[in-house]
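A short reminder: the numbers here are calculations on the coordinates, not readings from a lab. Here the structure is a predicted model, which is why all the values come from computation and not from measurement. Positions of Cβ are backbone-derived with ideal geometry, glycine not excepted, and every protein chain shown enters the neighbour counts.
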Amino acid sequence: MNRFALFPLALLSAVTPSAGETTVIRNATVLTVTKGTFQGSILIRDGKIVEAGEKVLVPDGARVIDAGGQFVMPGIIDCHSHIAADSINEGAVAVSSMVGIEDVINPDDPDIYRALAGGVTTANILHGSANPIGGKCQVMKMRWGKDAQGLIFEGAPPGIKFALGENVKRSGSPGNGFGASPGLRYPASRMGVEDVIRQALTEARAYQKEWRDYQAKLDRHEQAIPPRRDLRLEPLVEVLEGKRYVHAHCYRADEILMLLHVADDFGFKIRTLQHVLEGYKVAGEIAAHGTGASTFSDWWAYKAEAFDAIPYNAAIMVRKGVLVSLNSDSAELMRHLNTEAAKAMKYGGLNETEALSLVTINPAKQLGIENRVGSIEPGKDADLTIFDKHPLSNYAKVEKVFIDGDLYFDREKDLEERPGKDARKKALIDKEKVQEKKNRKKPEPTEDKKSEEPGGAQ
Amino acid sequence: MKTGMAVLTIFVAASLRAAGPDTVLLRGATVHPVSGPDIADGSVLVRDGKIAEVGARIAVPKGARIVELKGLHIYPGMIDSDTAIGLTEIEAVREMSDLSDIGLFKPQLRAATAVNPASEHIPVTRANGITSVITSPGGGIIAGQCVLMHLNGWTMEDMAVRAPAAMRLEYPNIRMPNRFFASEAPGRASAYSDAKKRYEQQLRELDGFMESARRYRQARAAAGSDFETDLKLEAMIPVLDGKVPMLIRAEKEKTIKEAIAFADKQKVHMILERGTEAWKMAAELKAHSIPVVLPPTLRLPDEEDDPYDKPFSIPGELSRAGVKFAFASFGPGAEDNPRNLPYEAAAAVGFGLPQEEALKAVTLYAAQIWGVGDELGSIDKGKWADLIVTDGDPFETRTQIKQVFVKGASVDLDNKHHRLYEKYLAR
């Protein structure tokens, strides 16, 4: 049985567009995250939140969704994910800033729908951590059913992945390469990691100067030959100019400080430290640099540099003034970031709003999209998740998810559609069986060939 | 499941004394015995490491230490039915893992001998209310002997509840090479037929090994004192005698079916491990009274076109079908974080598993599956006093575990994580 033949069954039927439509979600417990919690309604028009409050007048002709007993929160934002990408790592070189996730978006990845069903509406899709300077990131909305272009979070500031520590060094160790690299690849130590980053930024600075000199000549109406374009250095010039955010994978306190010093020397800010499991050891320095931290709730001990990871990391950093988010880095964890947030209450005593901020407004700020998403406020995108119970409860499940005011996930509808999908799946399998029988009658393929079809026996 | 299974107690007798002569009365809490209805304002009397009495009113025995727990809750300690605790300290560091060894048939290997009682994972895990775990060896076909142990003790002698708790078998299946590892890269169109041949060969070897073990047992019974011992085959005797169950890993329907047939033919007492497709075999599992150690609930759907919530709804389906199961934290796609065991159970409750059943699947059912239903898993007279005191429902993340008792002894809830927290918060 061919898995891919069945794949379209997983697709949700097309989203009903609501452009120009007015929707009111009412009777809900509304967790705005930034403006308190109340029993009331949310008015949505043209994909935006128009009003949110205890008393909201329902306009004529508005679609009314009764969310009695339910909880509405802003769509969850994951600052670190690798779903919906056909490839993740360009690990053959130590600096791969010329590649980007935008070019490999796979809108058919069922993990998009699964993330939606976990209440996620926006995610930062990053390049992997195979090299000190990785590829460009892409912020996406989980608009399941749209094409690659349709997933892109229009207007989100561009980003790039940096990475430090063990994953980066690994390609310098024999027998542990990231597939693509045939031999040893510099760097193999944390010293080398710093060197690679400084070298690349130094080159970028020289490249930036070439273009500035060229522009200056043009401005003086002198004859000038444009420099040769360098697609590897261009994104790094944007980094130097603060136009492209650096999201840096890191673990240990020493390498965190190293990177902050490098950024200081080159005159830019690291936008976020990713994973940053020892961030709690240098939280004061991170806060002073004005850098955000995006961490796991409680992963630890899966590798040497994660052995001092503690579940109190998020809470300590929050208390020391760092802008903190919790991310998934995993299509599975991405499905329950709401309860991951609850762990920051258990470990370190954050309050409800602080906990919910870790997966909503804080990652929105880290990605520079807080004017659009991350809280329930008039003027923001109507990206909303409705839970049947309080989202910080392990018993809660997602009932509905709106993006830009459109209903992208509806549990009721998902359940209703299952028998139909099962029937279609069965029909396809039966059809394939018939086809297989027909093929078998043909004399051509030998016994050997047939047995090579994976799963044929099942 | 045979609950009356003969008990293999190697260590327990010695550890009885270690619990001390202390008598402690825990009172004023809501007691959740799990085996019966909750007791509001209830008490638990602990003597010599065991539960001496449970009820609404218990007279204070002379010299008993009284612990007032007004407003709090007492639950039995939770049991994680699949972990690597003590065998692996840091997963990615070869030197810090004793999880698996070389070879296909290694029934003589015992997890109990390699568990590090000083592992940082032990205090980290019990701080969230998990008081005993199964630690299993891995790799090969017969991987070795699992241990059921308390998460407290200076040595394995203090910790072991059952050693062995089970013999672990990874049932052969047609496993395609992993494309992420260069050494396994298929590169040839024959990858499937090679995998199939390997699987068929392994099945023959498994049958052969079981046959050798059976003949060895027979020869040994017939032979005199000069009989030459074979450690591998010797280790299989308790399994063949039905005294030690076989924990058989089988994920897909086809493999589960084959594993059940194997257990029938070999007359071994089977516990199904992982069983991602156990729901397709629910009727057979129930008919054969085969319990299941579930894979983590918090995982991605096993098939691309499964409903998004399939892993969350499977425990409810199995429960309705009458299959007995226990939750576990270890498994594919999971983060291997045993302290999150209660959340694996809770995730199934939102999708159709009754809360009481979920609680039993991390306490009483787990104990019953491991053959210690009369020693662990509920707050009943005569059982080990493995108790947790909480300020609420242990399935909710926000609930704090206030106290933990293992074999009646109050255990330190401090751990590496908390120490680093205090140290760096004060920086």
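Rounded to 0.05, the FRET efficiency of the B:Asp41 and B:Glu228 pair, given R0 = 45 Å and the Cβ-Cβ distance, is 0.10. Let me make sure I get this right: for segment B:297-427, a, b and c are the square roots of the gyration tensor eigenvalues over alpha carbons, sorted descending. Under 1.5 in a/c it's rounded, otherwise prolate if a/b > b/c, else oblate. Which is it? The shape class here is oblate.
Along the axis of the charge dipole computed for chain B (Cβ charges of +1 for Lys and Arg, -1 for Asp and Glu, origin at the Cα centre), the listed residues B:Gly373, B:Val31, B:Pro296 are led at the positive end by B:Gly373. Loop-located trypsin sites (Lys or Arg not before Pro) in segment B:281-390 (DSSP state not H, G, I, E or B) with no more than 16 neighbouring Cβ atoms inside 10 Å: B:Lys381. Say a site is exposed when it is one of the trypsin sites (Lys or Arg not before Pro), sits in a DSSP loop, and has at most 10 other Cβ atoms within 10 Å; what is then the longest site-free stretch of chain A? Free of exposed loop sites, the longest segment is A:230-458. Dipole magnitude for chain A: computed about the Cα centre from +1 point charges on Lys and Arg Cβ and -1 point charges on Asp and Glu Cβ, it is near 580 debye.
For A:Lys48, the lysines whose Cα comes closer than 21 Å to its Cα, not counting residues fewer than 8 places off in the same chain, are A:Lys35, A:Lys141, A:Lys146, A:Lys365, A:Lys380, A:Lys400. Computed from Cα positions, the angle between helix B:231-240 and the longest principal axis of chain B comes to roughly 70 degrees.
Counting only alpha carbon atoms, the long axis of helix B:416-425 and the longest principal axis of chain B meet at about 60°.
A simple spin-label model places the labels of A:Lys269 and B:Arg65 5.3 nm from each other, with each point 7 Å out along Cα-to-Cβ. Looking at segment A:105-254, the DSSP beta bridges with both ends there are about 60 percent antiparallel. Taking chymotrypsin sites (Phe, Trp or Tyr not before Pro) as exposed when DSSP calls them loop (any state but H, G, I, E, B) and at most 13 other Cβ atoms lie within 10 Å, what is the longest stretch of chain B free of them, the sites themselves excluded? The segment B:228-427 is the longest one with no such site. Compute the Cα gyration tensor for segment A:209-291, then decide on rounded, prolate or oblate, letting a ≥ b ≥ c be the square roots of its eigenvalues: rounded whenever a/c is under 1.5, prolate when a/b is larger than b/c in the other cases, and oblate in all that remain. Verdict is prolate for segment A:209-291. Computed from the Cβ-Cβ distance with R0 of 51 Å, the FRET efficiency linking B:Ile102 to A:Asn439 stands at 0.75. Placing dummy labels 7 Å off each Cα toward the beta-carbon, the span from B:Glu356 to A:Glu417 is 3.8 nm. When you filter the GluC sites (Glu not before Pro) in segment A:196-282 for DSSP loop state and at most 13 other Cβ atoms inside 10 Å of their Cβ, you are left with A:Glu222, A:Glu241. Neighbours of B:Gln355 by Cβ distance under 13 Å: Lys/Arg scored +1, Asp/Glu scored -1, total -3. Computed from the C-beta positions of B:Asp194 and A:Lys48 and an R0 of 56 Å, the FRET efficiency is 0.45 to the nearest 0.05. Rounded to the nearest 5, what % of the DSSP beta bridges within the protein assembly as shown are antiparallel ones? The antiparallel proportion sits near 55 percent. Overall, the anisotropy analysis places chain A in the oblate class: the square-rooted eigenvalues a ≥ b ≥ c of its C-alpha gyration tensor yield a/c not less than 1.5, with a/b not exceeding b/c. Taking the charge dipole of the protein assembly as shown about its Cα centre, with +1 at Lys and Arg Cβ atoms and -1 at Asp and Glu Cβ atoms, the residue from B:Ile237, A:Leu151, B:Pro354 reaching farthest to the positive side is B:Ile237. Its Cα centre serving as origin, the protein assembly as shown has a Cβ charge dipole (Lys and Arg +1, Asp and Glu -1) of approximately 980 debye. Projecting the Cα atoms of A:Gly279, A:Thr295, A:Phe266 onto the charge dipole of segment A:263-305, computed from C-beta unit charges around the Cα centre, puts A:Thr295 farthest toward the positive end.
Pull up the DSSP beta bridges for segment B:279-427 and report the antiparallel fraction as a percent, rounded to 5. Counting only bridges with both partners in segment B:279-427, antiparallel ones make up about 75 percent. Beyond 18 Å between alpha-carbons counts as too far, so tell me which of B:Lys70/B:Lys402; B:Lys106/B:Lys254; A:Lys437/B:Lys254; A:Lys426/B:Lys196 fall in that bin. The answer is B:Lys106/B:Lys254; A:Lys437/B:Lys254; A:Lys426/B:Lys196. Structure remark: mean-square fluctuation, Gaussian network model of chain B, C-alpha springs under 10 Å; the largest value among B:Ala321, B:Ala346, B:Ala92 belongs to B:Ala92.
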